[in-house]
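Read the figures in this text as sums done on the coordinates, not as results from a lab. Keep in mind that what you see is a predicted model, and the values were worked out from it rather than measured. Cβ placement follows ideal geometry from the backbone for every residue including glycine, while neighbour counts extend to all protein chains displayed.
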Amino acid sequence: MVSLTVNGKPRELEREASLPQLLRLLDVDVRLVAVAVNGEVVPRRQHEGIVLRDGDEVEIVRMVGGGSEDDPRPAIPDPRPGGAEGGAEVVIAGAGIIGCAIAYELSRRGVSCLLLDGRRLGMAATNAAAGILAPLAEFRRPDTLVNFGLASLRLYPAWVQRLREEVPDIDVEFALDGVLRVAFDEEELAELRAGLRYRGKLGLELVELDRALMREVEPRLAPDVAGGLFCPQEGQVSNQLFTLALSRAAQSRGARVVEGCPVLGFRTRGGRVAAVRTPQGEFACDHLVLAAGPWTRPLAGKLGVEVQTRPVRGQMVALGRMVTPIRYVIWGPRGYLVPRANGLVFAGATVEEAGFRIRTTKRGLTQVRQAAFELVPQLRHAREHFSWAGLRPGSPDGLPILGPLPGWANVTVATGHFRSGILLAPITGELIAEAIVDARTPEALAPFSPARFSG
Ligand SMILES: Cc1cc2nc3c(=O)[nH]c(=O)nc-3n(C[C@H](O)[C@H](O)[C@H](O)COP(=O)(O)OP(=O)(O)OC[C@H]3O[C@@H](n4cnc5c(N)ncnc54)[C@H](O)[C@@H]3O)c2cc1C
């Protein structure tokens, strides 16, 4: 729980939220108010960059006449066209990190985009994620997914640098300061060690640490840790702030975002989608991207094609704040810990087939806590701030599903990122934008073709 004071009254949030999220929750029209956080007035253009933390004091003052003086932009009209003329060159169904990364890259290439989300931007799996950027995951050989993840990780620093210039008021909390993989017995250690032989091929530094060194590097680790591997070039990003920054940068180049606007169906003409249908009217498009996470399957189903993504639930808890916090992302055999910039430790995560039920369960959270306490026993005494669940978009072979929708000339699918959508957002954004602009699927997308499941 996050405890805030809003206009002098206590207000509890289930978890951290950005300032715009709080204002939406309170049904406040930002055009008519001035907002101060902890005594400092926050210009409207900086709202997105503010993440509200436990103990923050928020003052919302209604302004006479409406509109904020420091914001010269005209009030944004309801982005609702009432007809197909409100469309764009590319309409993207789903404004999670994947839809936002694609809109960002398309807008950089001068393509007009419209992002439609049935709920709120970035509030599904994207918001639920831990933000770990670790292509080696449980440490496997350099296979298709690991190589794709490595390529995306290499893009991250340039993306973050650009976003810093384009959206200077949002710090995406990007840090490649290392991931520790932990083994508790000889068998687990042997598994980690086996990976060392691929070191050269992976192009990442990997250092084996014995029990004593592990505890030196991360003193809070459990005493019965047998040893492990340290990769100094992996790390983390704030999945929420990174997604917000992507959408803001895309919007600054003319992309539009409409929330609360589910795509319900399509108007088609000669093997092409001419427009998407929503409760807010039709939006015409030259090209359509389906980036609706696990909901891509029912959407593509309306076009008569089966996209084999499915929801895979993950539950997590936020613990903290410890007097001596952990320093690194810690990846254990049964769970992981992520020390976030705000001092909380995110512990995750279950991997469950539970359909579209986005909720935590007693059993799931117990499993997550046990895995966390096994890695860092002091966490037993940490306060549990909040817990949550999200639905990862899974796929039958564990690989993303990226490329043309079979049978449709102007529809692209971008989903199935499962446990790595935050990591894979930059490479997905770049390759899908390239495919749309060049009207040709890049070679690098071949292993992820949606057609691989047909026939
Ligand atoms: C607990 C957990 C921890 C994770 N940790 C990590 C991690 O540490 N690192 C990592 O790389 N990945 C992690 N992931 C995975 C990552 O979060 C996902 O792969 C990624 O967020 C998928 O992004 P997306 O944009 O495809 O889907 P989503 O974020 O689910 O976005 C899809 C959007 O589509 C919208 N939508 C649905 N139907 C429609 C419709 N009909 N019309 C319009 N919009 C629609 C939804 O409202 C939603 O906003 C984690 C996931 C979970 C659940």
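Quick notes
- Inter-part distance, segment 277-317 to segment 416-455, computed on C-alpha centroids, equals 15 Å.
- Semi-axes of the equivalent ellipsoid for segment 2-62, Cα gyration tensor, largest first, Å: 16, 12, 11
- Globularity ratio of the chain, using Cα Rg and 2.2 N^0.38 Å: 0.99
- Put in order of Cβ neighbour count within 10 Å, fewest first, the listed residues Tyr336, Tyr328 become Tyr328, Tyr336.
- Residues Val61, Val289, sorted so that the one with the fewest Cβ neighbours within 10 Å comes first: Val61, Val289
- Contact order, relative form, for segment 98-223: 17 percent (alpha carbon pairs under 8 Å, 6 or more residues apart, mean separation divided by residue count).
- Percentage relative contact order, the chain, counting C-alpha pairs under 8 Å, at least six apart: 19 percent
- Normalised contact order of segment 2-62, rounded percent, pairs of Cα under 8 Å and 6 or more residues apart: 48 percent
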